[in-house]
Structure formats: C-alpha cells, structure tokens
Amino acid sequence: MSIPAIAIQSLGFRYPGQGANQFEGLSLEVKDGERFGLFGPNGVGKTTLMNLMTGLLRYKEGSIRLLGHEIKDHPKSINRLFGFVPQDFAFYPELSPQENLSFYGAWYGLEPAQIRKESDEILEVLGLTSVKNNRLETFSGGMKRRINLAIGVLHRPRVLFLDEPTVGVDVQSRHAIIQYLKTLNEQGTTLIYTSHQLEEAEGLCEKIALMDEGRIIAHDRLDSLLEQHRQEGLEGLFLGLTGKRFRD
Amino acid sequence: MQILIATIIKDFRILLRDRIGLLMMFFMPVLLVIIITSVQNSTFELVNNNQITILVANRDQGPEGAHLVEAIGRIGMFHIQVADSTSSNTDIASRLHTSDALVAFIIPKQFSGTVQAKAKSIAQKALADSDSTNGSITDEPKPEDSLIMFYHPVMQESFRHSVEGALHSAVQVIQGEAIVKDLYSAVNSKSIPPDLEKEILFGQMPMSRIPVSRSGIQVVPNASQHNVPAWTIFAMFFVVVSLGSSMVREKNSGSFLRLKTMPASYLNALFSKQVVYVLVGFLQATVIFALGRLLFPHIGLPTLHLPGDLFGLALVTLACSWCAVSYAICVGVFSNTAEQANGFGAVSVLILAAIGGLLVPSFAMPAGFQPWLNISPLHWGLEAYYGLFLEDGKLKDVLPNILSLAGITIGIQLLTLYGLKKKNLI
C-alpha cells in the first residue's frame, strides 16, 4: 500500500488570541496520485487547512504527514516535495516570466540548466513563450494566473496545492490551466485543490471533502457522494450538505 | 550560494527597473546636502565674511562715543548705519521691524563722562596705596547712562552672544584707553601722544587661527567639510522610508507567501537586500562626495576636500550604509503596515540624528543628553567622518568609531532575527 500524499490525524489548531479551536480532532487522508478537492463555504477553514498542510501555519496538536514526513518536524526540508499556487499572485510583476522562473527555480534548489529546460517546457505548454521576456505587470489576468501556476510546478512537485487557481480568468485560460493540471496528475502529481468554481471542480476532482464549521462533513469519491445524496451536481450537493446560511 | 546570487540579481533588477524610485534615491539626498550646505554656508559667511548691519545712535557729545563707533567699525563684523541721535529709543527699535538692521546700539548722552569718570577713579586708585583699592571703584552708572543693544528676535542666541561679545570688546578698548590716558597724564604730567593713543586703541596682539589635523596638513574647515558628511549619513539612514515600507509590502505579498513554502530560508532574501542596499548607500555617498568636490565650486559653495585616507573613507561609508540598511530592515520586520514603517522610520531617524549631533554639535548638547549620544549610530558615523574630513585622520584614528558602529549594527541584526522568529517569518 502506497504512502498517502497527505495524512491528517486528530489535528487541533487555533489562531493565537482566538478562544475556540478552528479545528479539533480533524482527520483526512489524500492518496498519492489523487485529484482531490476541498470545498466549503467562506470562513470554514479551507485556507487555514491549506496553510497548515504547506507549513505556513504551525500546529501543536495532532499530526500532518506529507508523503510520510511529519510537517512540523521538517518545516523546510520537505518543501521541495510540494508546490503551492496561492490565490494571490505570487511573483514579482517588475520581472519577466523567465526572470521569475529563474529566481524561484534557484529557491527550489534547481540547477540553472534544469531551470532553463523546465521553464521552456512549462512556458510553451501554458502559451507564454512569446512573452517570456516581457514584464509581468503588462500581462492580462489570465496570463498572470498561468505564470502563477508555472512557478508552483517548476520543480515537478509530488504534491501540488492549488488555492483558487483560476479565479478571474477567461474560458481559454481556465481551459489551459485545467488541462495542464490533468496532465501533471497523469504524470504522478497529486492535486489538492480548493475553489468556488464548482463546475470546474466537477471536471477536475475525482475525490472531494466538504468542510463546515471546522469539520469534514463529507469525504468520498465525487460520484459516490452525488449518488448517496441524490444530487446531480456539486452545487446541489454543497447546498444540500451545508445549507444556505452565510458563514462569514 | 546559488540562491543568494539569484536573489541579489532579482533585487538589483527590481531596483533598476524602478527608475523614479532610483532617481529619488539619489536626487533627494543630493538636493538635501546642497540645500543644507548652502544654508549653513550663508550663515557661516554672514558671521565670518559678510557684515551685519548695525544701527548706531551716538547721543554722546564727548569724544568717547565717537571713539566707540570707530572701534565698532574696526572689528570688521559690522556694517554701521548711523541713526539720528535725537530719535527716541522706540523709534530706533522700530527700525529693526522694518528690517533695516538686526541690531541697534545706542550710546548714551553721558557716555564720555561715565567712561572718563571711571577711568579717572581707577587711575587714582591704582596710583594710591594698595589698601585704598578695596571697595568699589566707582558708582554704577544710572540706567539712562547705560549702553543699549536692541536685537531682532530672529537672531539665534549663539549669534546674539557673538554680537554682544564684539560690542563688549569695543567698549573695553575705549575704557582701557581712557584709563591708560589718565595714568599717562598722572605719571608724565602731560597728555598722551596721539600715536601712542592710536596704538592703545588699535594695536591688538595678532592671533593666528590654525585648525588642528592629525596629518599636519591644514585644511580650513568650511560649510562643505562640516555638512556634506553629516547630511550624507542622514540621507543614508533615510533609506528606512523606502526599504522599510518595501519590506512590509513584500511581507504582505503573495511572493513572500510562496517564499515561505520553499526549501530555502527567508534569511537569503534579507541578506540579499542588505548587499543591494548597502551598495546603493555606498553609491549615494560616492555621488554626493563627487558633487561636493566637482560641482560645489561651480555653484558658489566651498569645495569639499576629500580625506587623505580614501580606503578609510570607503570603510566608514560601508559601515554607515550597512547600519542604515540593517535599521531599515529591522523597522520593516517589526512594522505591520507601510504607514507604520514610514512614520516610525522617518521620525526615529530624525531623533537619532538629533541625539547623534547632526542637528546640534554634540559638544553643545545638554549634559543630560551626552550619554544618549552613544546609542545613536549616526553619532558614531559622524565622528568617524569628522575624523577623516576635518582632522584628516587615518583609518586607525577612526577605527574605534567604526567598531562602535559595527557593534550597534550587530545589535540591530540580532533584534531583527528576534522579530523574524517572533513573527514566525523564519
């Protein structure tokens, strides 16, 4: 049996100064090679959980293992195993795509020749080769989203965390991004994805977890959950399980 | 090492592409140094070369009043404007408001009488036996017989003291002359010869003014030698405004979030910023010193004479720049918003400049402030620069200052590390 990409057990976490725990006894497993989606209303803790899984937040109770490595014990050394595509643009707009990739490639520990090779490939797939030397501040939203993704996958991570990777982009860019993510997954990268684009999520994720009030309220294959709750789509399932009350 | 090189290249690229920011980084310090040096130079010239207009009303009918006016003129510090002696005190004072002069000096009606009476009394007592010298020499003059100096309130205290001192010395010459004349008459039973009188009045001992230097080369200090190094340090520390706020913006940006999820330490980013901005500070100082040497003579400012020990100058400049950059990074790490970094950074640099002796010379600061000098890195930088620029010292002469500056810098770096740990940034 292979080691899970992510294994969370009995996780307890609260922000400093916060009275109640954000998470208490939370457990979740994402298998290696899965396309996994994490969904829930705003403010239920999806981003917090993503930040805990990527080591941006530190926890004291419970355990989070990434490919078998306890995150809190190896805060830096295991970072090469995963990539992170945050919702905010995480690059330097004053630089070109090529310059950004060279910089982040060095931070991932890649050799200059490897950076050049991987950069050329990714920029080609994402349709950015012709503008690779232009400054990012002149780019459209869709192009910026694609370069945001390119930086996160430059080092060919085993696990890729994606926080709203297609927010605010046109259909063409969304299609390119989703197709590329599927290709990466076919090559062995585990995808851990969160989004409010439920239609897009349906096409990408094979397994999902629904969160509400700091808990996992449903976790299974998407088709099983739809069948179990007699819903035709993720939106119906989402509303059926979480209701219509605002959480934020 | 590859990470550090890549980060330095990235930081340089970003810096060089912000052309307006770069222009401000060099243009503003140059402007600051030129303006401050020009202002200080005009004050310096006002005291040393230019003459202060003084309004003199001589109400005395005797010879001593005229002698006093002549003695004041001989000082060389004043341009005398004669006021109508029949004008009232109020009228003369009111002319200061119309900016005719900064100072007015009124010689009272009885001035000759008072001076002569006092001189006669002193001469008599000096020639009598020693016991009779006890007690007061003569009665104090009545208030209406006093000399009066009106001054414009814009005159700073130190400047007013210089004017007062100059006027007092002129009065003393007149009094001394009167005493000698009386003594001469009493001893020789005839009037003092005019040549001797003139010699007493104006035959002052010459005094050479020699600035001390460690090398023995006499460089006469001027406004540029004083102000260019001082305000260059200030400009270097003002990097806190741009670098401090840029640190905060980066901390709150997505790129920082990504860096935190990467296998390398954020310390690489901080080290790179230090390398890049220390070089910028060094370049700022180089540009300012070059302008002081090459441009200042063409815009009517005194030439900046560079110290003999250029290696020492480079080392002091690097030490100042490193400290300034460390301080800016520390402010950036502890601030939560760019506004906090800008506000605290700018005001704190001004405070450090004040207690460091940039605004008021350290020797002129109140005794209570003296211990605080040592905590200001600007003080140590200034002392090191003055050691080189004003005293023409060598590196060994300013090494204690460089070491103190380095000590403060290391302290700031440790504080920054503590801040990074506390804020979970490393």
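Taken together, the values in this text are just the output of simple stated rules run on the coordinates, not laboratory data. Predicted model, so just to flag it, every value in this text is computed and none were measured. Heads up, the Cβs are rebuilt from the backbone with ideal geometry, glycines too, and the neighbour counts pull from every protein chain shown.
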- Given backbone amide H placed at 1.01 Å from N, residues whose amide H is under 5 Å from that of residue A:61, ignoring those fewer than 5 places away on the same chain, are A:12
- Phi-based couplings in Hz for region A:127-137 (Karplus 6.51, -1.76, 1.60; Gly and Pro marked x): x, 10, 4, 5, 10, 5, 9, 8, 6, 5, 5
- Working note, region B:320-426: Cα radius of gyration (Å, one decimal) and Dmax (Å, whole number) are 15.2, 47
- Message: Using amide H atoms built in the peptide plane, which far-off residues or other-chain residues are under 5 Å from residue A:84 H to H?
- Response: A:161
- Message: Output wanted: per-residue J couplings in Hz (rounded whole) for region A:108-116, from phi through Karplus 6.51 cos²θ - 1.76 cosθ + 1.60, θ = phi - 60°, x for Gly and Pro.
- Response: 7, x, 7, 6, x, 5, 5, 4, 4
- Message: Stokes-Einstein diffusion coefficient for the protein assembly as shown at 37 °C in a medium of 0.692 mPa s, Rh from the Kirkwood formula over Cα pairs: what value in µm²/s?
- Response: 103
- Message: Distance between the C-alpha centers of region B:375-426 and region B:336-371? Whole Å please.
- Response: 15
- Could you check how many percent of all C-alpha pairs in region B:217-303 are farther apart than 16 Å? 65
- After finding the eigenvalues of the alpha carbon gyration tensor for chain B, what semi-axes result from the square roots of 5 times each, listed largest first in whole Å? 61, 22, 20
- Given the convex hull of the Cα atoms of region B:62-130, what is a quarter of its surface area in nm²? 6.2
- Note on the structure: Ranked on Cβ counts within 10 Å of their own Cβ, fewest leading, B:7, B:37, B:98 go B:98, B:7, B:37
- What list of ³J(HN,Hα) couplings, whole Hz, do you get for region A:191-202 from phi and the Karplus terms 6.51, -1.76, 1.60, once you set θ to phi - 60° and write x for glycine and proline? 9, 10, 10, 10, 6, 9, 8, 5, 5, 5, 5, 4
- Task: Would you list the P(r) distribution for chain A, with all Cα-Cα distances sorted into 10 Å bins from 0 and each bin expressed as a whole %?
- Result: 7, 30, 35, 21, 6, 0
- For chain A, what is the relative contact order in percent, using Cα pairs closer than 8 Å and at least 6 residues apart in sequence? 26
- Query: How many Å³ per residue does the convex hull of the Cα positions in region A:1-114 occupy?
  - Reply: 149
- Could you check which residue among B:148, B:402, B:412 shows the biggest mean-square fluctuation in a GNM of chain B with a 10 Å Cα cutoff? B:148
- Item | Shape of region B:1-86, Cα gyration tensor, a/c cut at 1.5 | prolate
- Query: Across peptide B:262-271, how many C-beta atoms of other chains are within 10 Å of each residue C-beta, on average?
  - Reply: 3
- Checking B:363, B:237, B:12 against a Gaussian network model of chain B (alpha-carbon springs below 10 Å), the top fluctuating residue turns out to be B:363
- Message: Students often get this wrong, so check it: of A:182/B:273; A:72/A:132; A:72/A:207, which have C-alpha atoms separated by over 30 Å?
- Response: A:182/B:273; A:72/A:132
- Note on the structure: Once amide hydrogens are built 1.01 Å from N within the peptide plane, the residues lying 5 or more places from residue A:127 or on another chain with amide H under 5 Å from its amide H are none
- Rounded to the nearest 5, what is the percent of antiparallel bridges among the DSSP beta bridges in the protein assembly as shown? 45
- With springs connecting C-alpha atoms under 10 Å apart, model chain B as a Gaussian network and identify which of B:95, B:74, B:258 has the largest mean-square fluctuation. B:258
